[in-house]
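These notes concern the structure reproduced below.
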Amino acid sequence: MHDVKSNPISRRDFLKVSAGVAGSTVAAELIGFGLDTRLVHASAASVPIKKGKEVPTICPYCAVGCGQIATVDTATGKIIDIQGNPDSPVNEGTLCPKGAATYQLVNNALRWTKVKHRAPGSDKWEDMSLDDAMTRIAQLTKDTRDKNFNETVDMPAAGGGAVKKKVMNTYALASLGGATMDNEWNYAHQKLMHALGVVYLENQARI
Ligand code: SF4
């Protein structure tokens, strides 16, 4: 095993290992540095590859935008696997642990699939239909905007006093997007928010 303290890895040693990444020499060199990757390679070779229609897509989680391939079972139309896309110049087939778990976004028995609503003053959550939830959100959004819309604000005038400046906005609504909103959703969402005059607009994905 490589003794790092008494024999530190030189730049030459490091390049030697880097250059041999494709072959078994690499495993031997890494073992020399105290890293035995043979088990990982053996395990990866035994992982069954799921077959189906491969659809290139983008990881929904963060602004790095790693490429993914979603494998779809053509018989059922269901996603059966999501892996890194080797053709993506961003991640070249790799995914971080979060991106590697994207599969669970669509296939997870623990996920709630119904809208939950807790009425004002209630201490319990109840199922609500998606249609009812959308209608309620739209109505509350409109009511709040109508009551709190600013067509103009008073600004200090150059010669003293105040002047009205047109702003057409509301500070009573805010939008905080989640990382699972994809690019297309984010595009449409920010268009809607700007049309409503929402100023407080933020998204984890930094779109
Ligand atoms: S969450 Fe991870 S895999 Fe997904 S885009 Fe960001 S870095 Fe890439």
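Restricting to the stretch 47-89, give me the number of residues that are within 11 Å of the ligand (Cβ to nearest atom), among the hydrophobic types (A, V, I, L, M, F, W, C) and not in a loop (DSSP other than H, G, I, E, B).
2
For the stretch 133-140, check the following and say yes or no: at least one residue is touching a helix residue (DSSP H, G or I) at 6+ places or on another chain (Cβ under 7 Å), under 30 Å from TRP112 (Cα atoms) and aliphatic (A, V, I, L, M).
No: zero hits.
Please go through the stretch 105-127 and give me each residue that is more than 13 Å from the ligand (Cβ to nearest atom) and within 27 Å of ILE79 (Cα to Cα), ordered by number.
Correct list: VAL106, ASN107, ASN108, ALA109, LEU110, ARG111, TRP112, THR113, LYS114, VAL115, LYS116, ASP127.
Given the conditions (1) within 16 Å of the ligand (Cβ to nearest atom); (2) on the phi < 0 side of the Ramachandran plot, and given that GLU92 satisfies all but one, which numbered condition is not satisfied?
(2)
Looking only at the stretch 106-151, which residues are under 13 Å from LEU173 (Cα atoms) and acidic (Asp, Glu)?
Listed by number, the residues that qualify are ASP143, ASP146.
A short reminder: the numbers here are calculations on the coordinates, not readings from a lab. Bear in mind that the values here come from a model prediction, so they are computed numbers and not experimental data. Note that we place each Cβ from the backbone using ideal geometry, even for glycine, and neighbour counts take in every protein chain shown.
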